[in-house]
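Written out below as structure tokens is the structure these notes cover.
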Amino acid sequence: MTTESLPSSGFYLFDLTGEVLACVNDPSLTSDFLIREMSEEAPSLGFIERLENPPEFNDISPEAGLKALVFSPVSNTSQIEGNVSL
């Protein structure tokens, strides 16, 4: 990784090819909450997809159960545009 490809903040949790798996299992919090929070707290990351829950985490409503969302640096999200699903 070259310094030319790094954001100017100087603090990096992973390189620009990394991904983040963010999860929440609170019935009162939706996927939209997690996407909104990530956009505020980590604006350089874009939402990629929501992973399907295994049968062990089956719930009455998908938004009431486990929500496992994948995020990637914004520069990588343009490569898979149209692949986003909730």
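Computed 3J(HN,Hα) for the stretch 51-58, one whole-Hz value per residue from the Karplus formula 6.51 cos²θ - 1.76 cosθ + 1.60 where θ = phi - 60°, is 7, 5, 6, x, x, 5, 10, 4, glycine and proline marked x. Counting only Cα atoms, the size of the stretch 14-80 along its three principal axes is 36, 22, 19 Å, in decreasing order. Label positions at T17 and A64, each projected 7 Å from the Cα along the C-beta direction, are separated by 4.3 nm. Taking Lys and Arg as +1 and Asp and Glu as -1, the other residues whose beta-carbon sits under 15 Å from that of L66 total -4.
Bear in mind these aren't lab numbers, they're just calculated from the coordinates by the rules spelled out. Computed from a prediction, not measured in an experiment: that's the story for all the values here. Methodologically, a virtual Cβ is constructed for each residue, glycine included, from the backbone with ideal geometry; neighbour enumeration extends over all protein chains shown.
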